[in-house]
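The values are calculated or read from the model by the stated rules, or taken from the named source; none is laboratory data. Computed from a predicted structure; not experimentally measured. All Cβ positions, even for glycine, are placed from backbone atoms using ideal geometry, and neighbour counts span all protein chains on display.
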Amino acid sequence: MKFKNLPEEPPVETRVANALSQTQILDIHTHLYDPAMGKMLLWGIDELLTYHYLVAESFRFFKMPYKDFFVLEKKQQAELIWNELFIKHSPISESCRGVITTLNMLGLDVNRRDLNSVRKWFAQRTVEQHVEEVFESANLSAAVMTNSPFDPEEIALWKKGFSRDSRFLSALRVDPLVLEYNSVVGFLCQQGYDVRSDLDQKTRNELIRFLHFWADTIQPLYLMVSLPPDFSLDLDSEDSSILTQVVLPFCKTRGLPFAIMAGVTRSVNPHLGLAGDSLGCFSIEAIEKLCRTFPDNKFLVTALSRENQHHLCVASRKFPNLHPFGCWWFTNIPSLIDEISNLRFELLGLSFTPQHSDARVLDQLLYKWTHFKESLILTLGEKYSALEASGWDVGDEEIKRDLKGLLGGEFLQFSGRSLI
Ligand code: FIX
Ligand code: ZN
């Protein structure tokens, strides 16, 4: 008797990698901007090299006073960073390797160690061409911007109006309102809102009118804030009054999720500017209380400290109105991405969004997503292998379905939006 030779199925990691290469990503949090917003959209080698992650790492080696560095032109800063982190040392940190992955994906020869030839290459490109190539190569369908209604440059652009690029979606960032209300009262009055320091009914209504105006103008997918570790979410605390009396009621009315990026301590070293922020443990108990007290609100939450990750997963098991997302900033390193994704897969299955890029420079989409995919192929591959060992065959279409959910679909579902 003859047996038909069944073709051997490729290893599950290969099947995940194949499915991944066919899955478009919705990047749910970046600091990128619609190209129509002009110079707000950063791209190119000098922006890549002066990313605040690399500035912080350079000062581990630099011997110069902080201010001598910050007064320099961006090009000169980039040269100092390139020499220190790429020429005098091997660029093994995650952010340094990111520059190498990025340049390589753009087809540049990094082994020449020649910054000027890289600069020349970028100088010949247009932003339109670059957006096209980066989105295609990273396989992104869209990226969510971080839009501030308190930034004069942005306000002017939105008020003037522009034709939007559908690949750039928006999110309304309300940090100054939530964290330092008193310091924006004057600004809000100038903008025509009749508000006072006191949160009386009139002021609350006016703040809600302000939020409606911005939601109508930019059509955000969600509202958002980054909170310090010691921020109190208690209902009767002064800290949370704007959040609980203005922002959450507004989000509920508009059906918009509220995103909390929890645990950033701003400016622990003020000399370093944007690179000077650190982290602390946030109270996940407070997040649980928020989800319990506001069951009609939806919360997207990411946490900066490693210690918060397990509790955040457990909290998400308890509250369907809580959606954990991303490996943010200091957790966006391979060892922690593996660890956090494993925790989430094991405790939540597929009901979360494992990553966002937080890209500040367009080109960073290339490395941030490539490095994340390297991890996902292994972590998810391992979960499927274990499942197969338990007797459940996983089909290729099922893998595709799951990846679609992880890379944007679950977020859209949670937000009450249709799949794109
Ligand atoms: O609050 C945020 O959105 C943070 O992501 C930024 O403030 C931070 O500077 C950053 O770029 C982290 O990746
Ligand atoms: Zn961010």
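Within the bounds of the range 343-354, is there any residue that is surrounded by fewer than 18 Cβ atoms within 10 Å (Cβ to Cβ) and β-branched (V, I, T)? Checked the range 343-354: no residue is surrounded by fewer than 18 Cβ atoms within 10 Å (Cβ to Cβ) and β-branched (V, I, T). If the condition is being part of a loop (DSSP other than H, G, I, E, B) and not basic (K, R), then the range 291-323 contributes F294, P295, D296, N297, L304, S305, F319, P320, N321.
Does A315 meet the test of being within 16 Å of ligand 1 (Cβ to nearest atom) and of a type in the set (A, V, I, L, M)? Taking the combined requirement at face value, the residue does not satisfy it.
Contact map, the range 253-269: first residue within 21 Å of R417 (Cα to Cα), second residue among the aromatic types (F, W, Y) and away from ligand 2 (no atom under 16 Å from the Cβ), Cβ cut-off under 6 Å, separation 6 or more or different chains; pairs are F258/F299. Taking every residue in the range 147-168 that is within 20 Å of V225 (Cα to Cα) and pairing it with any residue that is aromatic (F, W, Y), at least 6 positions away or on another chain, the pairs with Cβ-Cβ distances below 6 Å are P149/W214.
If you go through the range 203-250 and keep only what is outside any helix (DSSP H, G or I) and surrounded by fewer than 19 Cβ atoms within 10 Å (Cβ to Cβ), you end up with Q219, P228, P229, D230, S232, D234, L235, D236, S237, E238, D239.
Filtered by the rule that a residue be surrounded by fewer than 15 Cβ atoms within 10 Å (Cβ to Cβ) and under 23 Å from the mean Cα position of the chain (by Cα), the range 48-73 gives no residues. Set side by side, the residues A259, A286 differ, and just one is within 23 Å of D27 (Cβ to Cβ) and either at pLDDT 95 or above or part of a loop (DSSP other than H, G, I, E, B) (or both), which is A259. Among the helices (runs of 4 or more DSSP H) confined to the range 1-103, the ones with at least 1 residues that are within 29 Å of S166 (Cβ to Cβ) and more than 16 Å from ligand 2 (Cβ to nearest atom) are located at 12-21, 45-49. Restricting attention to the range 382-400, does a residue exist that is at pLDDT 95 or above, of a type in the set (D, E) and part of a loop (DSSP other than H, G, I, E, B)? Looking through the range 382-400, at least one residue is at pLDDT 95 or above, of a type in the set (D, E) and part of a loop (DSSP other than H, G, I, E, B).
With the requirement that a residue be surrounded by 17 or more Cβ atoms within 10 Å (Cβ to Cβ) and more than 16 Å from ligand 1 (Cβ to nearest atom), what does the range 140-154 give you? Matches in the range 140-154: L140, A142. The residues of the range 279-312 that are closer than 30 Å to Q245 by Cβ, within 16 Å of ligand 1 (Cβ to nearest atom) and surrounded by fewer than 23 Cβ atoms within 10 Å (Cβ to Cβ), listed by number, are L279, G280, S305.
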